[in-house]
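The values are calculated or read from the model by the stated rules, or taken from the named source; none is laboratory data. Please read all numbers here as calculations on a predicted model, not as lab measurements. Note that we place each Cβ from the backbone using ideal geometry, even for glycine, and neighbour counts take in every protein chain shown. Ligands, DNA and RNA are excluded from the accessible area calculation, which covers all protein heavy atoms including side chains. Shrake-Rupley method; radii C 1.70, N 1.55, O 1.52, S 1.80 Å.
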Amino acid sequence: SDASRVFGVTGQKFYEWFADGSAIERGTVAIDGNPVTIYQNGKGGQQVLVTAGTNTYCFDMLTNVLTQVTFLDGKSTQCGFIGGYFLVFDIDTGTVYQSDLYDGLTFDPANFFQRNTQADDWSAMFVTALGRICLPGTKTRDNYENIGTFPIPFAPADAGIQPEGIAATFSICEVGAFVCWLGTAGQSGGYKVYAAAGYRAQEISTEAI
């Protein structure tokens, strides 16, 4: 999460690991069949946000206390951090919830956004290192940027809707300058692996794969 502290989840336990290989348990989380996602909000917040078992947990790096964010119980698929705000994505409703500024313990129920451009709801969320929110549906995808509005500063990028959807929610990841995912192949059917450096994606898998 930063240069000096490392966190992760093993089973139902949230741990901090140290340079000598030792670890200390910092709390307990729910689990299901999905991967855990973890983001930190830097020196401004000194917090680590965790989504696990459809719930959200916030770890205070100053007090070493892990707290469940009960408003997001059953609503938490993936999380991210951008522009001072934690984001939590709920795949069941295609909703992105936004925290207060540098405060992962507080989520105003009114501060959320959903897709209103296409019929296929968002199926994943990924925040890139360059500060872009990738929001793919099953057939098409959006990219959101921070435009500085209040209370929700995020809006669709000028690049518009892109044609490649996602076939596996947790396949989306960042590899160097590229965001990659397992996607749907449109009218041709089947699946393809895509990579996007910016907004436009290109196929990087072969027909055999």
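Among residues of the stretch 27-46 being part of a strand (DSSP E or B) and open to solvent by less than 50 Å² (accessible area, probe 1.4 Å), the one that is nearest to residue 103 (Cα to Cα) is 40. Select from the stretch 1-10 the residues that are open to solvent by 50 Å² or more (accessible area, probe 1.4 Å) and modelled with pLDDT of 95 or more and write down the one among them that is nearest to residue 75 (Cα to Cα). Step by step, filter the stretch 1-10, then rank; the result is 10. Candidates in the stretch 151-185 are the residues that are under 19 Å from residue 118 (Cβ atoms) and open to solvent by 60 Å² or more (accessible area, probe 1.4 Å); of these, the one that is modelled with the highest pLDDT is 156.
Restricting the stretch 186-208 to residues that are in contact (Cβ under 8 Å) with a residue 12 or more places away in the chain and not small (Gly, Ala, Ser), the residue that is surrounded by the most Cβ atoms within 10 Å (Cβ to Cβ) is 194.
Contact annotation: residue pairs with Cβ atoms under 6 Å, 6 or more positions apart or on different chains, pairing a residue in the stretch 25-45 that is touching a residue at least 40 places away in the same chain (Cβ under 8 Å) and under 13 Å from residue 8 (Cβ atoms) with a partner that is among the aliphatic types (A, V, I, L, M) and surrounded by 13 or more Cβ atoms within 10 Å (Cβ to Cβ), are 26/66; 38/50; 39/49; 40/48.
Total residues in the stretch 95-137 satisfying the condition of being open to solvent by 60 Å² or more (accessible area, probe 1.4 Å) and free of Cβ contacts under 8 Å to residues at least 60 places away in the same chain: the figure is 13. Can you spot a residue in the stretch 68-87 that is open to solvent by 50 Å² or more (accessible area, probe 1.4 Å) and without any contact (Cβ under 8 Å) to a residue 12 or more places away in the chain? Within the stretch 68-87, one or more residues are open to solvent by 50 Å² or more (accessible area, probe 1.4 Å) and without any contact (Cβ under 8 Å) to a residue 12 or more places away in the chain.
From the list 57, 102, 15, pick out the single residue that is among the hydroxyl-bearing types (Ser, Thr, Tyr) and in contact with an Asp or Glu (Cβ under 8 Å, 6 or more places away or on another chain). Matching residue, one of 57, 102, 15: 15.
Only a single criterion out of (1) under 15 Å from residue 37 (Cβ atoms); (2) open to solvent by 40 Å² or more (accessible area, probe 1.4 Å); (3) in contact with a strand residue (DSSP E or B) (Cβ under 6 Å, 6 or more places away or on another chain) is not satisfied by residue 91, namely (3). Is one or more of the residues making up the stretch 56-63 touching a Lys or Arg at 6+ places or on another chain (Cβ under 8 Å), under 25 Å from residue 161 (Cα atoms), buried (at least 16 other Cβ atoms within 10 Å of the Cβ) and at pLDDT 95 or above? No, there is no match, as no residue in the stretch 56-63 is touching a Lys or Arg at 6+ places or on another chain (Cβ under 8 Å), under 25 Å from residue 161 (Cα atoms), buried (at least 16 other Cβ atoms within 10 Å of the Cβ) and at pLDDT 95 or above.
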